[in-house]
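The values are calculated or read from the model by the stated rules, or taken from the named source; none is laboratory data. A quick note: this is a predicted structure, and the numbers were derived from the prediction, not measured. In this analysis, Cβ positions are derived from the backbone assuming ideal geometry, glycine residues included, and neighbour counts consider all displayed protein chains.
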Amino acid sequence: MTKKHFIALAKALRAQKPASGWSPNKHVQWNLDVAAVADVCQQFNPAFSRLTFYDAAGVGDTSNVGHSPTEHSDLFGKDAH
């Protein structure tokens with residue numbers, strides 16, 4: 001996978017991001033989906049930048065971005081486990 005693939009995936013995820021008034025569960029699930037896609041991208045390209053991808057996808061606060069949602073539940077919500 002290359003940068004153009006990462007950009008396309010990030011744009012698609014950003015387009016599906018739940019609005020602020022939606023259920024918190026929708027937000028948690030969307031963040032988990034973003035993390036799952038990022039995991040696959042990283043498997044196929046060791047130069048993949050999770051932080052850049054999260055930013056492009058619209059995750060928001062990426063100051064605690066880790067390698068999985070269970071490592072940084074504050075980013076993904078308390079129900080992410």
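Structure summary
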quantity	calculated
Positions within segment 11-20 being surrounded by 11 or more Cβ atoms within 10 Å (Cβ to Cβ) and not in a helix (DSSP H, G or I), in sequence order	16, 17, 18
Of all residues in segment 57-69 being at pLDDT below 95 and hydrophobic (A, V, I, L, M, F, W, C), the one that is farthest from residue 12 (Cα to Cα)	65
Residue within segment 9-18 that is more than 14 Å from residue 56 (Cα to Cα) and out of contact with any strand residue (DSSP E or B) (no Cβ under 7 Å at 6 or more places or on another chain) present	yes
Residue in segment 21-36 that is surrounded by 12 or more Cβ atoms within 10 Å (Cβ to Cβ) and in a loop (DSSP other than H, G, I, E, B) present	no
Selection count where residues are of a type in the set (D, E, K, R) and in contact (Cβ under 8 Å) with a residue 40 or more places away in the chain, scope segment 6-45	3
Residue ID - modelled with the highest pLDDT, chosen from residues in segment 1-20 that are more than 17 Å from residue 48 (Cβ to Cβ) and among the aliphatic types (A, V, I, L, M)	15
